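Worksheet: one structure, shown below.
The values are calculated or read from the model by the stated rules, or taken from the named source; none is laboratory data. This one's a predicted model, so the numbers in the text were calculated from it and none came from an experiment. Quick reminder, even Gly has a Cβ in these numbers, built from the backbone with ideal geometry, and neighbours come from all protein chains shown.
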Amino acid sequence: MALLSGLFISMNAQETDLISIKSTFSGINGKISYGFYTQDLPQLKNLISILNSDIFEYYDIKNKYDTDLKRKDYKESDDYKLKYSELMELKSQLILKSFYLEFAPEYYETDNLIKSNSNTRNFSVFNSIEGNSFYNEIGYIQLDRILIKCPTNIQTTTRNVSTNCYDYIEEKISFKIDNDSIALKIRENSGNLRLLFVFSFTGTTPFRNIIPDQESLSYYLMTSMKEVVVYNSKTNEIYLNYK
């Protein structure tokens with residue numbers, strides 16, 4: 001895919017590039033609701049099981065082999081060896097693929113659809129994260145379990161929020177706009193602002209997901225960031241690319 005040569009390219013070229021990304025790469029299924037971006041659970045589980053080379057999860061046979069002894073015996077079988085070979089091939093293909101995630105911010109204030117700071121020339125959108133699954137490391141954008149390293153001129157800040165005895169993390173994703181004409185376009189069409197994250201998966205990082213009276217081992221999906229596209233979803237005009 002040809003990379004954009006600069007900010008000032010024709011509308012048709014921008015549209016073509018956006019369409020090319022979505023037609024060439026694989027999409028992450030998810031949506032934002034009540035301020036929280038949530039990935040499609042079956043897809044999330046599928047990605048984790050492949051990246052972890054977890055045959056029992058991927059082929060849904062963990063209940064059949066539910067003891068250490070059963071699993072040990074099964075691992076010596078030809079069926080296990082065949083499935084393991086198939087899964088390793090899927091993992092190799094997955095790591096080589098590129099994915100895109102379309103983030104459509106939820107706006108609560110119709111008279112102020114996007115936060116902007118004229119002093120820092122930053123625009124900000126917001127995402128919320130469950131407190132028990134928050135990745136507490138600086139420099140990452142977290143979209144559910146997907147972690148994306150912030151590119152140049154994009155940064156995140158977080159704050160703890162408690163509403164009606166419910167605790168969560170509010171993540172502010174801020175991106176810098178130095179071009180005045182582009183900044184004006186974003187302000188005038190803020191309700192159509194979208195962020196498209198393009199990345200590849202590199203592996204998983206485990207964490208303890210603690211909920212009331214229960215604790216389980218969960219995983220973050222680690223990525224290699226390729227670009228973040230800021231664009232208008234109504235016209236497909238690309239405002240900026242961050243890499």
- All-but-one check, Glu227 against (1) within 24 Å of Leu41 (Cβ to Cβ); (2) assigned to a strand (DSSP E or B), failing number (1)
- Message: When you scan segment 60-75, do you find a residue that is basic (Lys, Arg) and within 19 Å of Ser200 (Cα to Cα), even just one?
- Response: no
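Counting just the residues of segment 115-126 that are outside any loop (DSSP other than H, G, I, E, B) and among the small types (Gly, Ala, Ser), which one comes out nearest to Ile173 (Cα to Cα)? Before the answer, list the steps.
Within segment 115-126, the subset outside any loop (DSSP other than H, G, I, E, B) is 115-117, 122-126.
Going one step further and asking which of them are among the small types (Gly, Ala, Ser), we end up with 116, 124.
Details: Ser116: 11, Ser124: 5 Å.
Only one residue tops the list, namely Ser124.
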- Query: Give me the pairs: first residue in segment 18-32 and more than 16 Å from Arg194 (Cβ to Cβ), second residue part of a strand (DSSP E or B) and aromatic (Phe, Trp, Tyr), beta-carbon distance under 8 Å, and six or more apart or on different chains, which are they?
  - Reply: Ser26/Phe99; Ser26/Tyr100
- Has segment 96-111 got any residue that is part of a helix (DSSP H, G or I) and among the hydroxyl-bearing types (Ser, Thr, Tyr)? no
- Message: Tell me the residue from Ile32, Ile28, Ile21, Ile9 that is modelled with pLDDT under 95, within 26 Å of Ser133 (Cα to Cα) and either of a type in the set (Ser, Thr, Tyr) or out of contact with any Lys or Arg (no Cβ under 9 Å at 6 or more places or on another chain) (or both), please.
- Response: Ile32
- From the options Leu101, Leu51, residue that is modelled with pLDDT of 95 or more and more than 30 Å from Glu188 (Cβ to Cβ): Leu51
- Message: Looking at segment 228-240, I want the residues that are surrounded by fewer than 19 Cβ atoms within 10 Å (Cβ to Cβ) and have a partner that is among the acidic types (Asp, Glu) with Cβ atoms under 6 Å, at least 6 apart or on another chain. Which pairs are those?
- Response: Asn236/Glu15
- Message: Being surrounded by 15 or more Cβ atoms within 10 Å (Cβ to Cβ), over 27 Å from Asn232 (Cβ atoms) and not charged (D, E, K, R) is true for just one of Tyr84, Tyr140, Tyr65. Which residue is that?
- Response: Tyr65
